[in-house]
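Have a look at the structure below, then the notes.
The values are calculated or read from the model by the stated rules, or taken from the named source; none is laboratory data. None of the values given here were measured: they were computed from a predicted structure. As a convention, Cβ positions derive from the backbone with ideal geometry for all residues, glycine included, and neighbour counts pool all protein chains shown.
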Amino acid sequence: MPMPYYVSPEQLMKDKADYARKGIARGKSVVVMEFTDGILFLAENTSATLHKISEIYDRIAFAGVGKFNEYEQLRIGGIRLSDLKGYSYSRHDVTAKALANAYSQTLGNIFTSEIKPYECEILVAAVGEETGQNEIFHILYDGSVTDREQWVAMGGHAETIEAHLKENYPPNYPAEMPDFSAALDLAMAALRAAGERELTAENVESAVLDRTRGRRKFRRVTDEELHAQF
Amino acid sequence: MKEPHLNDLMRVPVNGPGSSFSDLLRSHVPEALPRVNDSGNLHVPEGTTVLAIRYDEGVIVAGDRRATEGFQIAHRSIEKVFAADDHSAVAIAGAAGPAVEMVRLFQTELEHYEKVEGERLTLEGKANKLSQMIRANLPAAMQGLVVVPVFAGYDLAQGRGRIFKYDVTGGRYEEDDYHATGSGGKDARGSLKKRYRDNLSRAEVVRYAIEALFDAADEDVGTGGPDLMRGLFPNVVAISVSGTFEIPEDEIRSIFEELIADRSERPETHNVDVRRPGEGG
C-alpha cells in the first residue's frame, strides 16, 4: 500500500490560498463606492446577461469576482436564505451582517475541508437610512471578512484600483461625498487606471442601492444612462 | 423553526427548488407553508367584494374594506388589494387568513424568481403560478376555507391590461373587460355591466369601480360601504405600463361624495314611509 505523502498544514493552506488568489487575479474587477444617496457598484463585464452585481433583498446587494459558477452559487444561496428568513419572520429581520456571517462560515468551511477552495471574492452591501448606517462586508475566498467604508475594489487589479481611489475619493468622509454622477466617474476612472482593456459604456455593468427608492433599493443603471455618462 | 444553513441552500440540485420559492419553502421550512390539517368546518373572517376593470392604459383593481365572520363584522378596515409586483395586483375574496397568506407567498414567489433568474415572469406565468397555489389550497377549501382571488396586471409583451379569475380548484379564466367576485360580486358585476364600454379612461373606471362597490354594499350585507365617520374608503390600485399606483384616498372620498349627492336626487333612494309602504317619496 502506498504511503500518503505528509504535507504540513501551513504548506497546505498556503498552496490553497495561492491557488485561490491566482484564480481571482485572472478575473475582472468590481468597484463599490458610497455616494450621497447610497452605494454604487461598477464592474468590468462584457456580458449583458451574466451579472457580477445583483439584488439579494430590500436593502442588500451582492457583488462577486472570480469564477462565475462559484459566486453564482453563493449569490443564489444568499437570495434563498434571505427570502426564507424574511418570509418566516419579518422583512426587517434580514440583515447584511447575518448574511455576511453565513457566507464567511461557508467559504471558511470550503477552504479548509474541500480539496479545491473557491476562486472568488464577494461583497455584501446594505444601504442604511443615512451614510453612517451603510454596511459593506468584503468576504475573501478563505472566509475572512472585513467591514469596509467609503470604497472597496475586488478582483484582478484590486491594489491598483484601491490606490487610485485612495488618492481621489473626497477626503472629508462622510461630510463630503460624491453624488451619483461623480461617483460613477470616479469608479470608472479607477477601473480605467488598472485597465489593460479600453473601458466604455459597452463593457461595464453598474447598479446602485439607492435609499431614496421605495422598499426595494436596488436598481440597475441602464445602458442609456451609461452611454450618456461615458 | 430550524434555520436552514447556507451550505444546503447553495447547491442547485437537479430536482432542487430551482427558482421557485414555494418549492424551497416546502423542502426547507415546511411548517411555514400555509395548510390546514384538521377536518370539520372552521369559522374564520371572510373578505367580501373585489373587482377589476380594464381601461385604455391598463387595468384597475378595487376592493371594499369589510371582513365578516358569520353575521358579525370581523374587521372594518381590512385591505384586500395587494400589488403583487410592479405590474400586477391581486385582490382576495374568501377566507381572509389563508388568502392574505397566499398573497404574501405569491409576492415572495414573484420577487424570488426575479432575483434568482435575473428577469421577471411573464403575466401569463404569474397567473399560472397563482393558479397552482389555489389548487394547493383545495384541501382547506373543502373545509370551508375558500380562497378565490382576482389577478390583474399589465402585460408588457401585449401592451394591455389583462384580468384573470379563478375557481376553487385553481381553474383559471381570462375575462375580457371586467370581473367582480366575493359575496357582493354578483351585484358589482350587474352594476359594471350597465356602465362598461371599451376604452374608458382611468378616471371613469375608478368612478365605476366605486359605484359598483357602492351598489354591492347596498344589496349585500357582507360588503362594506363608504365609512365617512371613520374615513374608510375602498382600496383602488391602477396598473399601467408605468407600474402600479394606489389611487389616493382624497380622490376616492370626493368621488363618493359626488356619488352620494347624485343618488340623493334620484327616486330609487328616496325615503320610504314604513307606515304606508309604497306611497313614500
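In region A:58-74, the qualifying residues are those that are without any contact (Cβ under 8 Å) to a residue 40 or more places away in the chain and facing chain B (nearest Cβ under 10 Å), and the one that is nearest to B:GLU3 (Cα to Cα) is A:GLN73. Residue count for region B:107-121, restricted to those that are touching a strand residue (DSSP E or B) at 6+ places or on another chain (Cβ under 6 Å) and more than 9 Å from chain A (Cβ to nearest Cβ): 2.
For the condition in contact (Cβ under 8 Å) with a residue 60 or more places away in the chain, within 17 Å of A:ALA17 (Cα to Cα) and either of a type in the set (Asp, Glu) or surrounded by fewer than 20 Cβ atoms within 10 Å (Cβ to Cβ) (or both), A:GLU119 qualifies. The condition of being more than 13 Å from the chain's Cα centre (by Cα) and aromatic (Phe, Trp, Tyr) does not hold for A:TYR103. Residues in region A:169-208 that are surrounded by 22 or more Cβ atoms within 10 Å (Cβ to Cβ) and among the polar types (S, T, N, Q): A:SER206 alone. Which residues, taken from region B:224-255, are surrounded by 12 or more Cβ atoms within 10 Å (Cβ to Cβ) and in a helix (DSSP H, G or I)? Across region B:224-255, the qualifying residues are B:GLU249, B:GLU251, B:ILE252, B:ARG253, B:ILE255.
If I filter region B:17-33 down to residues being modelled with pLDDT under 80 and under 20 Å from B:ARG120 (Cα atoms), which single residue comes out as nearest to the other protein chains (Cβ to nearest Cβ)? Across region B:17-33, the extreme among qualifying residues is B:PRO17.
Yes/no per residue for (1) within 23 Å of B:TYR55 (Cα to Cα); (2) within 14 Å of another protein chain (Cβ to nearest Cβ); (3) among the basic types (Lys, Arg); (4) without any contact (Cβ under 8 Å) to a residue 60 or more places away in the chain:
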{"residue": "B:LEU105", "(1), (2), (3), (4)": "no, yes, no, no"}
{"residue": "B:LEU123", "(1), (2), (3), (4)": "yes, no, no, yes"}
{"residue": "B:LYS129", "(1), (2), (3), (4)": "no, no, yes, yes"}
{"residue": "B:PRO139", "(1), (2), (3), (4)": "no, no, no, no"}
{"residue": "B:VAL146", "(1), (2), (3), (4)": "no, no, no, yes"}
{"residue": "B:ARG172", "(1), (2), (3), (4)": "yes, no, yes, yes"}
{"residue": "B:THR181", "(1), (2), (3), (4)": "yes, no, no, no"}
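Of all residues in region B:59-83, those that are within 28 Å of B:PHE21 (Cα to Cα), buried (at least 24 other Cβ atoms within 10 Å of the Cβ) and of a type outside the set (Val, Ile, Thr) total 3. Just a yes or no: is a residue in region B:97-107 more than 29 Å from A:GLY78 (Cβ to Cβ), surrounded by fewer than 24 Cβ atoms within 10 Å (Cβ to Cβ) and not aromatic (Phe, Trp, Tyr)? The answer is yes, given that some residue of region B:97-107 is more than 29 Å from A:GLY78 (Cβ to Cβ), surrounded by fewer than 24 Cβ atoms within 10 Å (Cβ to Cβ) and not aromatic (Phe, Trp, Tyr).
Scanning region A:9-60 for residues that are in a helix (DSSP H, G or I) and among the charged types (D, E, K, R) gives A:GLU10, A:LYS14, A:ASP15, A:LYS16, A:ASP18, A:ARG21, A:LYS22, A:ARG26.
The condition of being at pLDDT 90 or above and assigned to a strand (DSSP E or B) holds for only one of B:VAL61, B:VAL116, B:VAL100, that being B:VAL61.
Results for (1) part of a helix (DSSP H, G or I); (2) over 24 Å from A:GLY128 (Cβ atoms); (3) more than 19 Å from the chain's Cα centre (by Cα), shown as yes or no for each residue.
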residue: A:LEU184; (1), (2), (3): yes, no, no
residue: A:MET188; (1), (2), (3): yes, yes, no
residue: A:GLU202; (1), (2), (3): yes, yes, yes
residue: A:LEU209; (1), (2), (3): no, no, no
residue: A:ARG213; (1), (2), (3): no, no, yes
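On inspection, A:ALA20 does not qualify as out of contact with any Lys or Arg (no Cβ under 8 Å at 6 or more places or on another chain), surrounded by fewer than 22 Cβ atoms within 10 Å (Cβ to Cβ) and not polar (S, T, N, Q). For region B:64-93, the candidate set comprises residues that are part of a strand (DSSP E or B) and polar (S, T, N, Q); within that set, the residue that is farthest from B:PHE151 (Cα to Cα) is B:GLN72. Every listed requirement among (1) within 14 Å of another protein chain (Cβ to nearest Cβ); (2) modelled with pLDDT of 95 or more is met by B:ALA52 save one, (1). Would you confirm whether or not region A:134-154 contains a residue that is in contact with a Pro (Cβ under 6 Å, 6 or more places away or on another chain) and crowded, with 17+ Cβ neighbours inside 10 Å? Yes, region A:134-154 has at least one match.
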